[in-house]
Every structure is written in C-alpha cells, then in structure tokens.
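So the structure is just underneath, and the comments pick up after that.
The values are calculated or read from the model by the stated rules, or taken from the named source; none is laboratory data. Here the structure is a predicted model, which is why all the values come from computation and not from measurement. Please note: Cβ atoms are built from the backbone with ideal geometry, for glycine as well, and neighbour counts cover all protein chains shown.
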Amino acid sequence: MLKKVLVANRAEIALRVIAACRKLGITSVAVYSDADAHLPFVRAADESHYLGPSPAAESYLHMQRVVDLALLHGCDAIHPGYGFLSENAAFARLCEDRGITFIGPDSGAIDRLGDKRHAKAVAEKAGVPVTPWMQCSGVADAATVADIKKIGFPVIIKPAAGGGGKGMHKVTAAEELAELLPKAAREAKASFGDDALLVEKFLEGPRHVEVQILADKHGTVLHLFERECSLQRRHQKLLEESPSPSLTPEQRQKICADAVSIAKTAGYSNAGTCEFLFDAKAGTWYFCEVNTRLQVEHPVTEQVTGEDIVEWQLRIASGEKLTLNQQDLRQTGHSIELRINSEDPFAGFMPSLGYIEAFEPPRGEGIRVDAGYAMGDSVTQYYDSLMAKLIVHAPDRLQAADRAIEALRRFMVVGVATTIPFHIAMLQHPDVRAGKFNIRWVEEHAPELTQRANAAEAAVLAALLEYRHLQKVRQAQSRAGESHFDPWSSSSLPRLR
C-alpha cells in the first residue's frame, strides 16, 4: 500500500482524496496557494505545504514545483484529482521519471486517450461506433471544405487536445467555415496549447451517457454502470444521475460492454470514464471521448453501487488486484448530483465572488454533501466556481428528485449567489421529472427555467432575511446561557416551493 500521497488539487476534491487516504491509513499531504490558505482541505490533511501564488499557472499547474514538493516531503505518490494536471501526460511522465506513483493511468494511456483523434482510433479498433469525423487545421482551404461537406452539415468543430466546451462551434453551412475554423484554432491554442481541430457530424438532440471504468494493472477491467449527464449548459454539466432514465436494460449492458472494450484496447488502468452520445429515438450511441481521471460526478456511481472509487484508485495504484466480480455489481436505487456553483443564474451565470457569511449544508437520510468551502471562507476569481456537490440517494428516481429539492431548500449559503434556485426549478419541471430531455434541453428552456427560478429565488431571499434574524436570536440566547437554537426548527422560516 502507498504510504504518503500528495494531493495536487484543492477544495472539495482534495477533501475527498484526503478522506480516502485516511480510510486506508495513508498519510495525506495537501498543497495550497495563497488564495486557498484558509480553506478546509488545508486543515484536513495530515500535512499541508505552501505551493505558490494564487494564479493556477504559478501553483496547481506548476508541474515541477508539485513534484519537487512531493519528493521533498517523502511522498511516494501524487493524486491529481480532476482538472488541473489530472489528464496531463507530461505530468504523469514526470512523476514516472522521478519515481513517484501517479494515481491514474500511465502516461502512455493518457497519450492514447487524452487526444480525441487517438481516442477515436482506439474506439474504432475496439469495434465501437464513432460519429463521422475528420481532423484538420484552422485553415478553410478548398480541400478541407470539400472533406467537411462529405460529412454533411451541420457539423461541430472541437479542439483535438481538450474539452469542457472550449473552442467548440456548430457549423450549419460551408460559408461559416472561413470564420469559425480559424477562430476555433485560436481558442484551442490558447486553452490547450495545440491548435489541431476535429470536425464531427453534429447530432440533433442526443443524450450524454457515460460509463465508469475501473481497471487494475493485472488485466482486469470492470464497469460500474452508467451516468446520465444530459442536463448541461454550454457543455458544462449541471445535474448527473445514475441509472440513466434513457437506457433499457439491454442497452445498458451493451454500452457498458463497449466502454470495457475501449479500456482493454487502450491498455488502461485505474479509474476512468467513457463518454457516449446516445440517440434515444434510434436506440444507438456513438463514442465521444475518454476522461482519463476521476470525474466530478463520481459520487452518484458510489451511491448506487456502494463502491468507493477513490479508495479503489489508491488500491490499484498500489498494485492491488480488483477483488470485485462484474456479475456481483448492482445498481441499487437512484442517485442524483447537483453542482452548487457560486454563479448567478439571473445574470447569465456570471461568477459570484466574495465572503461566505453562512454555509450550512443539509443533512439527513440519503443526503451527501461534498463541500470545499465553509462559513468564513472567500470565493475568489482564481479558480472554478464549484463550491459543493449535493448528492442524494433514494429507492427510485422521483423520490431522489423530491429528496434533492427538499435538500436544496435547506442548503443555506449567505454572501454569494448560487445555482440553488435554478436547480430547484429544473428538478420541478415536468420534462425533467419524466426524463424527457437531451443535451440542449437546458438552453432551449432557459427563459422558462429562469422564470421558475425567480419564484424560488424570492423564497431564498426571504429565507436569508429570516436567517439573519434568527442568527441574532441565537446569539442573544447564547449570551443568556440558553440551549442551542436550530433555525430550521422555526415554523416561521419560509420554505422554497
């Protein structure tokens, strides 16, 4: 077993890895930037060490500094979390060269799957369908335009070396290529250091289904079933759930088998995710990409399978064999995850920065909150807007949705705007409750959702005013020596509907 793990990440995912290390008796080491010096993960680790200034390029993305700190403090492994250096083959290679275990796939597998061009070739070799595609530069010359016409419009342009929606553009006619190909290449170069592009057939209204993979270093590859991630905005996921409401049992078995085939063909080990675009009407799916890392939404899979994915990452990196059998794995009940971002849904989801006056996550049966912040912390401009993840588990999908709504109503955040009202509106919508949506549903229904969220926001504001009043009452009672007062027990507290 690994002895000492440096967590090369921050906030909630750093806390998640630290908890798994503690479970296995592994010493955890946190690294932090100036902006994160007072966040909970710094206090939670067995050791914490200063990494660098607030900008990510000078701290969490500084490969050499991260590795040097790991060696200086006697770490035998590095867990990259997600984002930052988690899918960086050069970083994995640097760890390998310096004798440090990279907790994830080896650099060769990241090379093979991290680039969309290579990943599609792997999928084709594994016999898994892919959408018609080609690679090109940012130059819209006659030959390139002719080849794209063969695919058939509409198409979508993507950076070959990255994801997350950056540099992606839908093209509906050949005349648009002269503008959009160079633009996409510039964006790809700025975001990923590589201006190579892919052009794929644009699918109208598909769903986004992904399959969680676990693979050890001894040839065993298993799947932990699928997650539905279609509710997204500008290619950023808002809600994830498992099982997917769009798959039949037969489709589930086949798409999971396709993911296992891709992982085996790629020589993959550790945790990873195969993403697919699913045409619900036709009942067919196409390979999209492989995320060679832990996913933000991994908790929904943990809730329905009972498996600790981060613990398995650590065990696999230690050289252990998977002791699970595919036939024994089951999905039990239904789980939903909602990302609580410090964004204002009534101002175009602009980031909301500032001091967190109050932060009280909900508690109760079937409720899990993975939070990276606490009361008294500050949300800064340096990193992404994810504050916490609310994960619920219930016997079936509608019960899980209802449990999520009630938990959101009790999730108290004061000081920054959050996506909570938007999530409530989304979960209450008849289409979402019926499972009738695709990857463009949120943007197509944005005005309606914002209107619904306004009602929830009005109740949130009323609740915050009441919260401030009850805080004063609590302080007065404390000074008077009375017992602790729970604001949620007050019958006068407004409830969101």
>> Go through region 1-50 and report how many residues are among the charged types (D, E, K, R) and either in the same structural domain as Ser378 (by TED's automatic domain parsing) or more than 23 Å from Arg368 (Cα to Cα) (or both).
In response: 6
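Hey, among the residues in region 157-179 that are in contact with a His (Cβ under 7 Å, 6 or more places away or on another chain) and buried (at least 17 other Cβ atoms within 10 Å of the Cβ), which one's modelled with the highest pLDDT?
Ile157
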> Between a first residue in region 253-278 that is on the phi > 0 side of the Ramachandran plot and a second residue that is surrounded by fewer than 19 Cβ atoms within 10 Å (Cβ to Cβ) and of a type in the set (D, E, K, R), which pairs have beta carbons less than 9 Å apart while being 6 or more apart in sequence or on different chains?
Replying inline: Asn270/Lys217
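How many of the residues making up region 20-79 are out of contact with any His (no Cβ under 7 Å at 6 or more places or on another chain) and in a loop (DSSP other than H, G, I, E, B)?
Going through region 20-79 one residue at a time, the tally reaches 17.
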> Of the numbered conditions (1) surrounded by fewer than 22 Cβ atoms within 10 Å (Cβ to Cβ); (2) not in a loop (DSSP other than H, G, I, E, B), Asp384 satisfies every one except a single condition; which is it?
Replying inline: (2)
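Among the residues of region 408-431, is any outside the structural domain of Ala37 (by TED's automatic domain parsing), free of Cβ contacts under 8 Å to residues at least 12 places away in the same chain and not β-branched (Val, Ile, Thr)?
There is at least one residue in region 408-431 that is outside the structural domain of Ala37 (by TED's automatic domain parsing), free of Cβ contacts under 8 Å to residues at least 12 places away in the same chain and not β-branched (Val, Ile, Thr).
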> Scanning region 222-249 for residues that are closer than 25 Å to Gly283 by Cβ and among the hydrophobic types (A, V, I, L, M, F, W, C), which turns out surrounded by the fewest Cβ atoms within 10 Å (Cβ to Cβ)?
Replying inline: Leu222
> What number of residues in region 197-229 are more than 15 Å from Gln295 (Cβ to Cβ), within 23 Å of the chain's Cα centre (by Cα) and not hydrophobic (A, V, I, L, M, F, W, C)?
Replying inline: 4
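Yes/no matrix, rows are residues, columns are (1) assigned to a strand (DSSP E or B); (2) without any contact (Cβ under 8 Å) to a residue 24 or more places away in the chain; (3) more than 19 Å from Val296 (Cα to Cα):
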position: Gln327; (1), (2), (3): no, yes, yes
position: Arg339; (1), (2), (3): yes, no, no
position: Phe359; (1), (2), (3): yes, no, yes
position: Pro362; (1), (2), (3): no, no, yes
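Give region 26-68 a look and list any residue that's acidic (Asp, Glu) and surrounded by fewer than 20 Cβ atoms within 10 Å (Cβ to Cβ), or say none.
Asp34, Asp46, Glu47, Glu58, Asp68
The rows are residues; the columns are (1) modelled with pLDDT under 95; (2) of a type in the set (Ser, Thr, Tyr).
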{"position": "Ser335", "(1), (2)": "no, yes"}
{"position": "Leu338", "(1), (2)": "no, no"}
{"position": "Ala347", "(1), (2)": "yes, no"}
{"position": "Gly372", "(1), (2)": "no, no"}
{"position": "Gln381", "(1), (2)": "no, no"}
{"position": "Arg397", "(1), (2)": "no, no"}
{"position": "Asp402", "(1), (2)": "no, no"}
{"position": "Val413", "(1), (2)": "yes, no"}
> Are any residues in region 195-220 of a type in the set (D, E, K, R) and in contact with a helix residue (DSSP H, G or I) (Cβ under 6 Å, 6 or more places away or on another chain), and if so, which ones?
Replying inline: Asp195, Lys201, Asp216
> Only one of Thr220, Thr273, Thr265, Thr172 is closer than 30 Å to Ala401 by Cα and hydroxyl-bearing (Ser, Thr, Tyr); which?
Replying inline: Thr273
> Do you know which residues across region 220-234 are more than 16 Å from Thr419 (Cα to Cα) and either touching a residue at least 24 places away in the same chain (Cβ under 8 Å) or in the same structural domain as Gly165 (by TED's automatic domain parsing) (or both)?
Replying inline: Thr220, Val221, Leu222, His223, Leu224, Phe225, Glu226, Arg227, Cys229, Ser230
